[in-house]
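Encoded as structure tokens, the structure appears first; notes follow it.
The values are calculated or read from the model by the stated rules, or taken from the named source; none is laboratory data. Note that the structure is predicted; figures quoted are calculated from it, not measured. Counting neighbours? That spans all protein chains shown, and the Cβs are built from the backbone with ideal geometry, glycine included. Heavy atoms of the whole protein, side chains included, go into the accessibility calculation; ligands, DNA and RNA do not. Shrake-Rupley method; radii C 1.70, N 1.55, O 1.52, S 1.80 Å.
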Amino acid sequence: MRRSLGLVLWLLLPAIPAHATVVSGGVLDLTAGWDGVLRLDGAWAFFPSEFIDPKLPWQVRATIEVPGSWGSRRADLMPSHQGFASYRLRILLPQSLREESFGLFLPQIGTAFRLYANGKLVSQAGVPSHIAEASQPEYRRHIVYLDYAPEIILTFHVSNYHEAIVGGLWNTPEFGRMQDMLAARNRAMGYDLFLLGAAFIFAIYHLGLFSMRREDLSPLAFAVFCMAVAVRIAITGERVMAEYIAMPWATQIRIEYASIYLSVPAFAWFVHTVYPQEYNRWVMYGIVGVSLLFLIHLLFTPPIVFALYLRWMHAIILASAVWILYGMALVLRRRRLGGIPFTIGTLALVAAAINDIIANNRFQASYILPVGILVFLFGQSAILAIRFADAYRKERELSARTQRINRSMTRFVPDSALRLLGYTDISEITAGTQRELEMAVLFADIRNFTAMGETMTSQETFNFLNAYLNRVGPVIRRNNGFIDKYMGDGIMALFPDKADDAMQATLEIMQEIQEYNRLRSVAGYAPLAIGVGISYGKVAMGTLGEAERIDVTVVSDTVNLAARLQEMSRRFEAPVIVSEKFFQQLNCLADEDYRLIGQVRIRGKKQLVTVFEIIRARSGEDCEALRLSKGIFERGIHHYWNQEYARAEELFNKALYIFPADKIAELYLMLCRAQSNGTTTVLREESTLV
């Protein structure tokens with residue numbers, strides 16, 4: 001923790017100015033000693049419109065305050081910011097430091113200079129001249145090595161014909177022991193690189209966020225602002241960009257000014273995208289438009305011209321700050337999401353910007369904009385993180401809601417039906433799609449439901465049906481089927497994989513009904529009985545309807561047959577009746593689990609249909625009795641088909657003796673007896689047995 005805190009303090013040190021030193025009468029007396037790096041602020045000797053011989057003995061004719069433009073500090077001597085002059089400073093050092101070496105840090109000096117120490121040329125930036133055409137501007141921040149001497153006389157020859165609003169030593173040189181000076185400059189460079197990297201990383205990160213969620217423009221606006229800030233950090237301060245990229249002085253100045261003209265509208269755009277209700281878009285458009293005009297003017301005019309308009313931009317920045325502070329108050333009052341980090345970061349940036357505008361116009365040294373930018377970047381990143389977290393939370397809630405809706409929709413249109421039709425999403429369904437498939441079709445119906453319903457209220461009826469279906473539905477799904485239709489007390493279920501699934505589901509449903517009847521018996525309710533008909537064959541599955549109402553259904557002779565078999569199960573009082581084709585597909589039944597019923601006439605079909613009863617689906621005692629009578633019953637059917645009615649009648653009587661409630665054996669017995677009295681046609685129509 002201490003190491004982390006130390007790193008933060010180390011990074012922030014360059015934002016804290018060096019110790020200010022008062023130079024008086026052009027003399028800096030350090031014979032009493034000092035600590036650290038000193039800012040050489042104060043009254044320097046000044047020689048307007050003159051390049052004084054650096055070897056001349058020390059003299060003072062006039063003084064000027066440093067830092068500051070000579071046109072602002074001594075308008076009586078230099079009425080214009082353009083021109084040339086000499087600065088001199090006498091530094092007195094103690095004898096105790098004779099073994100030390102010293103460094104002089106030179107900031108941007110407007111706009112070309114030569115520096116002499118005790119008459120010896122030690123540094124130069126650009127080409128200073130008393131003639132405008134011969135002068136060449138250059139900004140270069142560097143450290144000059146100085147040997148110890150009891151008296152060091154510094155002489156600056158400075159000229160400016162290219163800057164419009166500053167000339168001369170408008171930034172303060174710094175003096176100190178060489179090791180202190182190097183450490184200070186390394187910290188300053190590290191701080192600028194840290195800020196530059198942070199701004200650049202924030203920009204790239206938020207561009208990535210925007211690429212993933214393009215409907216939200218706030219990450220893009222923040223990324224643009226971060227890029228403008230990164231450019232400004234690189235071109236000002238320690239001028240990191242100039243350290244690595246050689247470029248003309250005018251280009252450096254254009255980039256420096258352009259970073260202001262881009263960051264202001266980018267910031268206005270950002271706050272509008274984050275809080276559009278609090279920050280009026282027309283005000284934002286106005287800031288963007290005016291900034292673009294400044295930018296265009298910057299591109300097509302020389303520095304001596306466009307620099308004159310910087311103070312107008314300062315006025316626009318101050319007006320924008322008022323708008324931003326007003327919107328910030330609305331954000332806090334309305335308790336918008338992320339309002340607190342937004343306020344902290346924005347206040348830091350606005351306060352730092354206002355401070356630096358004042359410092360720039362009064363040539364003070366307390367520039368704190370980098371610190372304000374750093375606080376703002378972290379604060380606004382926190383806002384976007386909060387917003388994205390909230391968006392992610394809402395997306396998860398929406399996704400969960402969508403999943404719930406989809407699950408709800410599967411209760412109307414099963415997923416299995418969608419997959420069979422080749423769909424993956426219910427929204428893709430259109431009317432008219434159809435596929436021909438082979439599958440088992442099951443119809444099930446509650447017997448005597450009409451009579452049961454007469455004794456129940458409508459609410460009780462729905463409760464009863466839902467209790468029944470809550471037992472039946474899971475069994476069907478568990479066996480790879482799905483319910484295609486609810487028809488009052490009846491259902492139609494489809495089993496697309498294999499016939500054994502339908503058979504296994506039917507047997508499990510019968511077990512569920514037996515368990516349900518035990519519970520109903522305890523509660524004093526009458527037992528429940530159902531009839532099931534199953535067929536197997538080709539079906540046409542598809543979508544029926546129109547643009548506003550679509551249903552998925554199956555239509556075919558197989559479906560009609562299953563419905564007729566279910567009706568027949570009621571007439572024959574047999575729980576489960578299946579078609580011959582379905583029976584031929586089964587592998588899960590033993591011989592004693594089924595019996596042949598015979599051939600039946602199905603309404604709407606010309607051909608007779610051979611059908612079977614599933615004995616295993618009956619309750620325990622009935623099941624055992626039918627298994628005992630199965631062989632006798634089936635031999636009776638064969639004698640009946642061979643028109644050996646007397647023998648068939650004898651066998652059916654034996655079957656009824658074993659299981660008196662065998663409705664099908666009773667019907668066959670009636671048919672055998674009817675052969676003698678001429679009523680066979682009527683009996684066949686009533687029984688459907690032939």
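Some observations on this one:
- Flag for ARG98 being within 22 Å of VAL60 (Cα to Cα) and either hydrophobic (A, V, I, L, M, F, W, C) or surrounded by fewer than 21 Cβ atoms within 10 Å (Cβ to Cβ) (or both): no
- Of the residues making up segment 3-58, just one is in contact with a helix residue (DSSP H, G or I) (Cβ under 9 Å, 6 or more places away or on another chain), open to solvent by 70 Å² or more (accessible area, probe 1.4 Å) and modelled with pLDDT of 90 or more, namely THR31.
- The set of residues from segment 73-95 being open to solvent by 50 Å² or more (accessible area, probe 1.4 Å) and touching a helix residue (DSSP H, G or I) at 6+ places or on another chain (Cβ under 9 Å) comprises LEU77, PRO79, GLN82.
- Failed item in (1) outside any loop (DSSP other than H, G, I, E, B); (2) more than 24 Å from GLU567 (Cβ to Cβ); (3) open to solvent by 40 Å² or more (accessible area, probe 1.4 Å), with ALA451 passing the rest: (2)
- Qualifying residue in segment 174-183 (condition: part of a loop (DSSP other than H, G, I, E, B), touching a Ser or Thr at 6+ places or on another chain (Cβ under 7 Å), open to solvent by less than 40 Å² (accessible area, probe 1.4 Å) and in contact (Cβ under 8 Å) with a residue 60 or more places away in the chain): no
- Close pairs from segment 324-341: first touching a residue at least 40 places away in the same chain (Cβ under 8 Å), partner of a type outside the set (A, V, I, L, M) and surrounded by fewer than 13 Cβ atoms within 10 Å (Cβ to Cβ), Cβ under 9 Å, at least 6 apart: LEU330/GLN277; ARG334/GLN277; ARG336/GLN277; LEU337/ASP390; GLY338/ASP390
- Among the residues of this structure, ALA625 counts as one that is part of a helix (DSSP H, G or I), without any contact (Cβ under 8 Å) to a residue 40 or more places away in the chain, within 24 Å of ALA529 (Cβ to Cβ) and not polar (S, T, N, Q).
- Within segment 514-541, restricting attention to residues that are at pLDDT below 90 and surrounded by 21 or more Cβ atoms within 10 Å (Cβ to Cβ), the residue that is nearest to GLU573 (Cα to Cα) is VAL539.
- Selection count, segment 275-311, where residues are open to solvent by less than 70 Å² (accessible area, probe 1.4 Å) and either part of a helix (DSSP H, G or I) or touching a Leu at 6+ places or on another chain (Cβ under 9 Å) (or both): 21
- Matching residues in segment 231-274 - criterion: being open to solvent by 40 Å² or more (accessible area, probe 1.4 Å), of a type in the set (D, E, K, R) and under 19 Å from LEU349 (Cα atoms): ARG232
- Per the listing SER427, SER416, SER408, the residue uniquely under 48 Å from the mean Cα position of the chain (by Cα), open to solvent by 90 Å² or more (accessible area, probe 1.4 Å) and at pLDDT below 65 is SER427.
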